[in-house]
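Taken together, the values in this text are just the output of simple stated rules run on the coordinates, not laboratory data. What you see is a predicted model; the values in this text were computed from it and never measured. Neighbour counts run over all protein chains shown; Cβ positions are idealised from the backbone, glycine included.
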Amino acid sequence: MKMGFIGLGNMGGPMAANLVKAGHHVAAFDMARAAVDKVVSLGASAATSAADAATDAEIVVTMLPAGQHVRGVYLGEHGLLKAAKPRTLFIDCSTIDVATARDVHLAASAAEMDFLDAPVSGGVGGATAGTLTFMVGGGDAAFARAKPLLEKMGKNIFHAGGAGNGQAAKICNNMLLAVSMIGTCEAFVLAEKLGLDSQTLYNIASTASGQCWSLTSYCPVPGPVPASPANRNYQAGFTASMMLKDLKLAQSAAQASGAATPLGAQATALYSLFESAGAGTRDFSGIIQLLRGNPAA
Ligand code: NAD
């Protein structure tokens, strides 16, 4: 199939590489020439602009930093919706605000194009291994068309409902993750102060009602879960800055929709503090060091 791929950074680069590996003709574009060269060396062809990547494509994937980039690339004067053929399917995998995703859905539909918001979780490791989780918002027919392609880049493909619901699923999940991680960290910090060994707390809580993913898969203290970033001095993983980005998106969606998310607000404040202490590039589980009063440790 002829495809376009726009945004070839840490995530988009390996995702595009998996589509090439699956036998698709990928016209690739990024503002950074080096990023294009890398996927061209793997078998993609270089496009000269985002519009050029979309002109001949049946399906176009975008993987951009934030809402303003998505708005510019799709709706700008030389945007994708002007360049592509009718019935082109666009799949935006960027993590962006729900409102922008819904605006682009409307504009795409007015231009007789199909659009899906399809943010991912799984990080660079998942993008490289082709094991990402996709949370997809949009119509049934567009989802059915996209699914075989998404399966080349991911393992779990969820249809979360209509326009914007992929982004909604992503920010709800990540807000829950931030809150559960901070709660897990607080439990270990309190245990330390009380003289309770962290492995003992882990053995008990992991089989009791405190059990959660932040504890059993991503434990924020070294020892109990050997693969967790705590065992390599909180080298990311999923950075604290990425978590903060998602929390801010969740907070603005909560404000716009009138949802009460006081713990989400508190988590946003704590990750902001952690980032301003210079720890934005560390793994998000490193927030335990902030609670210990030593964010840079
Ligand atoms: P990145 O900064 O590495 O890549 C973004 C790429 O987009 C860059 O190469 C940049 O040059 C390009 N770009 C920006 N504006 C452009 C434009 N107008 N036209 C063409 N190219 C343009 O970011 P990333 O880590 O790949 O993340 C991409 C998206 O995925 C973000 O929304 C992020 O929140 C989300 N995400 C990232 C991770 C992760 O672990 N990195 C995990 C899940 C989701």
Given axes a ≥ b ≥ c from the Cα gyration tensor, I'd like to know whether region 2-162 is rounded (a/c under 1.5), prolate (a/b larger than b/c) or oblate. rounded
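Using the crude model of +1 on Lys and Arg Cβ and -1 on Asp and Glu Cβ, and no other charge, please compute the dipole size for region 44-99 relative to its Cα centre, in debye to 20. Provide the component values of the computation, followed by the final result.
Working: 4 positive and 6 negative charges, 23 e Å.
Dipole magnitude for region 44-99 comes out near 100 debye.
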Report the FRET efficiency, 1/(1 + (r/R0)^6), for Thr131 and Ala22, where r is their Cβ-Cβ distance and R0 is 25 Å, rounded to 0.05. 0.95
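For an R0 of 30 angstrom, estimate the FRET efficiency from the Cβ-Cβ distance between Ser276 and Glu192 and round to the nearest 0.05.
Numbers: r = 25 Å, r/R0 = 0.83.
Between Ser276 and Glu192 the formula returns 0.75.
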Restricting to the chain, compute how many DSSP beta bridges are antiparallel as a %, nearest 5. 15 percent
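Just want to confirm a number: the relative contact order over region 2-162, from Cα pairs under 8 angstrom separated by 6+ residues, in percent.
Values: 344 pairs, mean separation 31.7, N = 161.
Once normalised by length, the contact order is 20 percent.
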Cα-based helix-to-principal-axis angle, 262-274 vs the chain, degrees rounded to 10: 90 degrees
Between 0 and 90°, nearest 10: helix 240-257 axis offset from the chain longest Cα axis: 80 degrees
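Compute the length gained on full extension between Asn203 and Ala260: take 0.36 nm times their separation in residues and subtract their Cα-Cα distance, giving the result in nm to one decimal. Intermediate results must be reported in sequence, preceding the final value.
Working: separation 57, 0.36 × 57 = 20.52 nm, distance 3.37 nm.
That pair, Asn203 and Ala260, stretches by 17.1 nm at full extension.
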Of Ala17, Ala99, Ala208, the most mobile residue in a GNM of the chain (C-alpha springs, cutoff 10 Å) is Ala208
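Under a point-charge model restricted to the Cβ atoms of Lys and Arg (+1) and Asp and Glu (-1), what is the dipole moment magnitude of region 2-162 relative to its Cα centre, in debye to the nearest 20?
Details: 13 positive and 14 negative charges, 69 e Å.
For this selection, approximately 340 debye.
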Distance from region 242-297 to region 167-189 (C-alpha centre basis), Å: 9 Å
Charges only on Cβ, +1 for Lys and Arg, -1 for Asp and Glu: so what's the dipole of the chain about the Cα centre, in debye to the nearest 20? 280 debye
Acute angle (nearest 10 degrees) that the helix 98-110 long axis makes with the longest principal axis of the chain, alpha-carbon atoms: 10 degrees
